[in-house]
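K.L.:
Quick one: structure below, then a few questions.
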Amino acid sequence: MHPLRALRERGNNTPHEVSALLSDDIEFHTPILTKVVTGRELIGRIWALSSNLRSGRYVREDKLDERTTFLQWQGQIDGRDLEILELIEDDDRGLIRKRVAAYRPLPAVELFRTAMYPSVKEWLGPEYFSYMPEDEATLARTKS
């Protein structure tokens, strides 16, 4: 069992406990934010908060190779079904170096993002929650 799954299944994770599983150069890719999040302590706080806002369980775990694990989680946020698919890449010391998460369905993802926002907005800048006006991709769409 992957250490992150074991910790989450135990429940009531603290940021310190989560951070202990993370490498110094950790990356977190999530569809609820517009940018990749980096930083051991920051991600530890985000993942600990996340575990306390939703309820459910892991229903699948597959070791894809020596360092990559696939996890499937199913549960609820505000009484609505939520599913999370995760790819976790560990470093050579067994610490998490990268986590890529996909969530579904979109209305439940929006509930999850809304529940996370009041705390996470204090830790992340506005560029993590929407595309900034100076973003080249945004500018290209607005020029016509």
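K.L.:
For the chain, with all protein chains present and a 1.4 Å probe, just round the carbon and sulfur fraction of the accessible area to a whole percent.
P.N.:
50 percent
K.L.:
Using a Gaussian network model of the chain whose springs link C-alpha atoms within less than 10 Å, name the residue from 129, 112, 28 with the highest mean-square fluctuation.
P.N.:
Checking each option, the largest mean-square fluctuation is seen for 129.
K.L.:
Continuing with the same structure: Give me the distance between the Cα centres of segment 28-47 and segment 61-102, rounded to whole Å.
P.N.:
What the calculation gives is 14 Å, centre to centre.
K.L.:
What is segment 15-67 by shape, rounded, prolate or oblate, if you read a ≥ b ≥ c off the alpha carbon gyration tensor as root eigenvalues and call it rounded for a/c under 1.5, prolate for a/b larger than b/c, and oblate otherwise?
P.N.:
Rounded.
K.L.:
I need the Debye-formula profile for segment 36-131: one equal scatterer per C-alpha, no solvent, reported as log10 I(q)/I(0) at q = 0.15, 0.24 1/Å, two decimals.
P.N.:
-0.67, -1.40
K.L.:
Now, a different point. Subtracting the Cα-Cα distance from 0.36 nm times the residue separation, let me have the gained length for residue 65 to residue 25 in nm, one decimal.
P.N.:
Gain on extension, residue 65 to residue 25, equals 12.4 nm.
K.L.:
By per-residue mean of other Cβ atoms within 10 Å, what is the highest-first order of 9-16, 77-84, 41-48?
P.N.:
Most protected by this proxy first, the peptides run 41-48, 77-84, 9-16.
K.L.:
Given the options 59, 37, 18, which has the most mean-square fluctuation in a GNM of the chain, springs set between C-alpha atoms less than 10 angstrom apart?
P.N.:
So, out of 59, 37, 18, the one fluctuating most is 59.
K.L.:
Under a crude label model (7 Å from the Cα following the beta-carbon direction), how far is residue 57 from residue 132 in nanometres?
P.N.:
Spacing of the two 7 Å Cα→Cβ label points: 4.4 nm.
K.L.:
Starting from 0.36 nm per residue, how many nanometres of slack lie between residue 121 and residue 92 once their C-alpha separation is accounted for?
P.N.:
Extra length from residue 121 to residue 92 when fully extended: 7.2 nm.
K.L.:
With every protein chain left in place, what is the accessible area per residue of the chain in square angstrom, probe 1.4 Å?
P.N.:
Averaged over the residues of the chain, the accessible area is 57 Å².
K.L.:
Which aspartates and glutamates have a Cα less than 16 Å from the Cα of residue 63, not counting those fewer than 8 places away in the same chain?
P.N.:
Within the straight-line cut-off, residue 63 pairs with 86, 89, 90, 91, 92.
The values are calculated or read from the model by the stated rules, or taken from the named source; none is laboratory data. These figures come from a predicted structure and were not determined experimentally. Every residue, glycine among them, receives a Cβ derived from its backbone with ideal geometry; neighbour counts consider all protein chains shown. To get the accessible areas, we keep the full protein, side chains included, count just its heavy atoms, and leave off ligands, DNA and RNA. Shrake-Rupley method; radii C 1.70, N 1.55, O 1.52, S 1.80 Å.
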